[in-house]
Amino acid sequence: MLLSKRLGSAGLLLGLLTSAGCTKEYLNIQPTDAVTASNFYKTQTDALQATTAAYSQLYQNGMFNYSLWAIGDVMSDNSYLGGGGAADGIEFQQLDNYNIPTTNPLTTSHWQRAYLGIGQANQVLLRVPGIDMDATLKNRCLGEAEFLRALYYFYLVRGFGDVPLVLTPAATAAEAAALTRTPAAQVYDQIIKDLQDAITKLPATYAGEDLGRASKLAARGLLAKVYLTRKDLPNAATQARTTIAEATAAGKALWPNFANNFKVEFENGQESLFEVQFKNGLSNYSTDGPGSVMNEFWGARFFGSPYVVASGGYGFNVPEKDLVAGYAAGDTRRAATLFAPGDLYPDGQVQPTSLVGNPNGYSIRKQYVGRTDVNNWDSPLNFPVLRLAEVYLILAEATGPTSEGLEAINKVRRRAFGLPINTPAAAVDYTAATPNFTAAVIQERRLELAFEDDRWYDLKRTGTLVDVMRAQGKSIQKFNELLPIPQAEINVNPNLKQNDGY
């Protein structure tokens, strides 16, 4: 049984552990049949359940199942909202148009879900060391928790800037409500520390029911990405180089076929370093998983008989024309990433030249699952958080147009054009004479990682967000490089000062 199939009950378990109790003295009766912090965290099974629960926020509303594709792509030049008109998806429209109130549900849930995940990881790190259990498995649980805490904080600090750095569970509600924002530099230092320690504790790969858990390769690859974000290019290069070497030793490699990264049958496959695990058949019409909503929300909006998505796609997250134009002739990533007018669906239907909310006729293929049992916001297709191809691009950006950097990006490009990955190809290879090499790498990231929630963060870290989005006609201001601190959080904790401009 894969990790993704076990998250539901474990997530509920930790929810019970962190629920507030009644304050009435006559109701303060110790339960004899409930799971509490005092009677849990006793056995190896408890440790595994608690660790598994820390993954549960990843597939929910505020993280990869809803908020992050709005932030990572709709707020970038990759896509615009689309949908059914002026009244459709107001919360998404606010992000798309950079008119974001402090009460926006997407940014609010992003903050809250990330901190719930951090809280679950903190419980593991606090309590699992005291459990009498297999030492290797204990180390793995702690490494997984460190990786997850780092991942949650990586999204928070990039999105909101200075955020409270919480490393142990708050003892009281008053303590939690008195937190202040920690400088971003300190948050990054903790992310790096967590990942460095996780690398020493985690296995390189998993098998069987543990597929999908955080590995040493995931931690090291994420560390390379963190260093790149911090503009620490030497350390980014070192970690990317080592990740590639260790991945190769563990049997990891780029798929010869780019599209294999986005097929259910190849989930957690040879190129994957970390994925959010989804499973269908357990929920209907919920953005809180464990099924993915992306097949439905990104599906072509209401055409065909039957619909190409079982209950009718919503047509959100529409590819921008200049992204489409960026794929050169022969680049196989375009067909794997996009449905274009005239493309056939598995049942023989044809993508039309225009759709509701989408006059250009392009839709996203990456998260499309052509199965009749996938409906009601309930797709089984995992979401790629980190792939080996991205690590090659990190190495290329960090080392520049050196022989190492050129070979790294050229492997990705050769695969994109259906060529042998390790064989030089003058028709597609970059060389030391390639002008604006860093810009070329960023463009390669855009094409390779489109709709994998990366583009907004890339524009931010390269200092191009404002200019690029103004060129798209967006009324963006400099302060929009950060998201607003949720007003709901400030209401309960006035120490959380709002970001400038909001």
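Considering the conditions (1) within 30 Å of Ala214 (Cβ to Cβ); (2) out of contact with any strand residue (DSSP E or B) (no Cβ under 6 Å at 6 or more places or on another chain), Tyr59 is excluded by exactly one of them, (2). Checked against (1) farther than 21 Å from Thr229 by Cβ; (2) touching a strand residue (DSSP E or B) at 6+ places or on another chain (Cβ under 9 Å), Ala433 passes all but a single condition, namely (2). Among the criteria (1) in a loop (DSSP other than H, G, I, E, B); (2) surrounded by fewer than 24 Cβ atoms within 10 Å (Cβ to Cβ), the one Ala440 does not fulfil is (1). Considering Ala249, Ala224, the condition of being touching a residue at least 12 places away in the same chain (Cβ under 8 Å), surrounded by fewer than 18 Cβ atoms within 10 Å (Cβ to Cβ) and not acidic (Asp, Glu) is satisfied by Ala249 alone.
When every residue of segment 135-149 is checked against the conditions, none turns out to be without any contact (Cβ under 8 Å) to a residue 60 or more places away in the chain and not in a helix (DSSP H, G or I). When Ala340 is tested against the conditions (1) over 23 Å from Asp96 (Cβ atoms); (2) modelled with pLDDT of 95 or more; (3) over 22 Å from the mean Cα position of the chain (by Cα), the lone failure is (1). Of all residues in segment 429-461, those satisfying the criterion of being β-branched (Val, Ile, Thr) and either within 15 Å of Ala389 (Cα to Cα) or without any contact (Cβ under 8 Å) to a residue 24 or more places away in the chain (or both) are Val441, Ile442.
Restricting attention to segment 194-216, and to residues there that are among the polar types (S, T, N, Q) and touching a helix residue (DSSP H, G or I) at 6+ places or on another chain (Cβ under 8 Å), which single residue is modelled with the lowest pLDDT? Across segment 194-216, the extreme among qualifying residues is Thr205. Taking the residues in segment 244-272 that are farther than 28 Å from Val350 by Cα and part of a helix (DSSP H, G or I) as candidates, determine which candidate is farthest from the chain's Cα centre (by Cα). Within segment 244-272, the match that is farthest from the chain's Cα centre (by Cα) is Ala249. Scanning segment 273-325 for residues that are surrounded by fewer than 17 Cβ atoms within 10 Å (Cβ to Cβ) and either modelled with pLDDT of 95 or more or in a helix (DSSP H, G or I) (or both) yields Lys321, Asp322, Val324, Ala325.
The requirement of being modelled with pLDDT of 95 or more, over 23 Å from the mean Cα position of the chain (by Cα), hydroxyl-bearing (Ser, Thr, Tyr) and surrounded by fewer than 16 Cβ atoms within 10 Å (Cβ to Cβ) is fulfilled somewhere in segment 404-427, by at least one residue. Out of all the residues in segment 443-472, which are in a loop (DSSP other than H, G, I, E, B) and either of a type in the set (A, V, I, L, M) or crowded, with 21+ Cβ neighbours inside 10 Å (or both)? Passing the criteria: Leu449, Ala450, Phe451, Glu452, Asp453, Asp454. Filtered by the rule that a residue be among the aromatic types (Phe, Trp, Tyr) and closer than 30 Å to Leu142 by Cα, segment 66-124 gives Tyr66, Trp69, Trp111, Tyr115. Quick one: is Glu390 closer than 25 Å to Asn260 by Cβ, in a helix (DSSP H, G or I), modelled with pLDDT of 95 or more and out of contact with any His (no Cβ under 8 Å at 6 or more places or on another chain)? Taking the combined requirement at face value, the residue satisfies it. Filtered by the rule that a residue be among the small types (Gly, Ala, Ser) and buried (at least 24 other Cβ atoms within 10 Å of the Cβ), segment 184-211 gives a lone residue, Ala198. Within segment 453-488, the set of residues being within 23 Å of the chain's Cα centre (by Cα) and of a type in the set (Asp, Glu) comprises Asp453, Asp454, Asp458, Glu481. Taking the condition of being touching a Ser or Thr at 6+ places or on another chain (Cβ under 7 Å), over 13 Å from Phe297 (Cα atoms) and part of a loop (DSSP other than H, G, I, E, B), how many residues in segment 62-96 meet it? Adding up the residues that qualify gives 1.
Evaluation of Gly361 against the conditions (1) in contact (Cβ under 8 Å) with a residue 40 or more places away in the chain; (2) surrounded by 16 or more Cβ atoms within 10 Å (Cβ to Cβ); (3) assigned to a loop (DSSP other than H, G, I, E, B); (4) not polar (S, T, N, Q) shows that the sole unmet condition is (1).
Just wondering, is there one or more residues in segment 410-424 that are in contact (Cβ under 8 Å) with a residue 60 or more places away in the chain, outside any helix (DSSP H, G or I) and in contact with a helix residue (DSSP H, G or I) (Cβ under 6 Å, 6 or more places away or on another chain)? Taking every residue of segment 410-424 in turn, at least one turns out to be in contact (Cβ under 8 Å) with a residue 60 or more places away in the chain, outside any helix (DSSP H, G or I) and in contact with a helix residue (DSSP H, G or I) (Cβ under 6 Å, 6 or more places away or on another chain).
Identify the single condition in (1) surrounded by fewer than 17 Cβ atoms within 10 Å (Cβ to Cβ); (2) under 17 Å from the mean Cα position of the chain (by Cα) that Asn97 does not satisfy, given that it satisfies every other one. Only one criterion is unmet by Asn97, namely (2). Among the residues here, Tyr307 does not qualify as among the hydroxyl-bearing types (Ser, Thr, Tyr), closer than 30 Å to Pro352 by Cβ and in contact (Cβ under 8 Å) with a residue 60 or more places away in the chain.
Look at Tyr80 and say whether it is touching a Gly at 6+ places or on another chain (Cβ under 7 Å) and at negative phi. No. Taking each residue of segment 468-493 that is among the basic types (Lys, Arg) and looking for partners that are modelled with pLDDT of 95 or more and not in a helix (DSSP H, G or I) with beta-carbon atoms closer than 7 Å, six or more apart or interchain, yields Arg470/Ile476; Lys474/Asn97; Lys474/Tyr98.
Test Ala310 against the criterion of being farther than 22 Å from Ala450 by Cα and either in contact with a Cys (Cβ under 6 Å, 6 or more places away or on another chain) or among the aliphatic types (A, V, I, L, M) (or both), and give yes or no. Here the answer is yes, as Ala310 does meet what is asked. The combined condition, being surrounded by fewer than 21 Cβ atoms within 10 Å (Cβ to Cβ) and hydrophobic (A, V, I, L, M, F, W, C), is fulfilled by Leu344.
The values are calculated or read from the model by the stated rules, or taken from the named source; none is laboratory data. Given the structure is predicted, the values throughout are model-derived calculations rather than measurements. Backbone-built Cβ (ideal geometry, glycine too); neighbour counts: all protein chains shown.
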